[in-house]
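First the structure, in the form of structure tokens, and then the observations on it.
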Amino acid sequence: MSIRSMSMGLLVAASLLCVAPFTAAAQEDEGISVEQFLQSLQFRSGAIEVPQAKARFNLDADFRYLDQADARRVLEDMWGNPPDEDVLGMIVPRSPGLADDGSWAVVVTYADDGYVSDEDASRIDYTKLLHEMQEQTREANPEREKAGYGTLQLVGWAVPPRYDGASNKLYWAKELEFNGHPNHSLNYDIRVLGRHGYLSLNAVSGMSELAQVREGMEKLLPMAEFEQGARYADHNPKTDKVAAYGVATLIGGGLAAKAGLFAKLGLLLAKFWKLLLIGVVALGGTVKKLFGDRGNRTVR
């Protein structure tokens, strides 16, 4: 199986949303093998610094880390995603491996939009928010279909949102349906709030992997933190920039113009090499917002 064949020809057939199974004929494509590609990656363990975000991960033996260059190689060369300079790194479980059935990984980005107030966190009606997100998603479907990217349905919360005010960490997961396909997708998000913005950890997988992804993300949650001086508690209201939105907006997809990390993350469905263009996922967004000028779009 070659790396080139694993990309499956992104956007080759928009009406199929790029969910063609891997075929033997594709193995004849030029390129190194998956095994050779994986051996070329420089995995790191333990304490990991992310200087661009003034953050760090204290990884245990269950996880490894890929720096920006190798993370982008996996996303772009192995999974066929568009180039993205906003990706800072990738956290990869030791098991299953990247080439194994049921594989998943966590892509790391950072938003320097300013201090995100958590004053609204305790007042959020997550049931109402979900219904609003579902309605916005349905309303955006005609434009998605017109552009050839198929339909998207937000089925519901795979994991209901929860904000921990003590650690200033937020997490939730969504169940998504593409083009009526029976194999639904899982989009699991963690946000770590800091003094100048927030760290974003995003995992995409099939819903069949919910149990293992949820377990892994819950383990990962306490391993992420900002450095001294960049923590949420270090906020100086007199000098620091304050974001124009709160916790509800982070969950609700109100930042659709910025697309969200899930907007372009490749997805390997269990037992088949399949690729979904997650670009249609930005809830409440339009195709123009998602696929417009990249100079005005950042990953969150």
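The values are calculated or read from the model by the stated rules, or taken from the named source; none is laboratory data. Keep in mind it's a predicted model, so treat the numbers as computed, not measured. Cβ atoms come from the backbone with ideal geometry, glycine included; neighbour counts cover every protein chain shown. These accessible areas exclude ligands, DNA and RNA; they are computed on the full protein's heavy atoms, side chains included. Shrake-Rupley method; radii C 1.70, N 1.55, O 1.52, S 1.80 Å.
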Quiz item: So in the stretch 23-139, what percent of DSSP beta bridges are antiparallel if you round to the nearest 5?
Solution: 100 percent
Self-check item: Cut-off 10 Å between beta-carbons: net charge of the residues surrounding residue 170, Lys and Arg +1, Asp and Glu -1
Solution: 0
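Taking only protein heavy atoms and a 1.4 Å probe, what accessible area per residue, in Å², does the stretch 131-265 have with all protein chains in place?
40 Å²
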Self-check item: Rounded percent of accessible protein surface that carbon and sulfur make up, the stretch 40-195, 1.4 Å probe
Solution: 43 percent
Self-check item: Overall form of the stretch 74-177 per C-alpha gyration tensor (a/c, 1.5; a/b vs b/c)
Solution: oblate
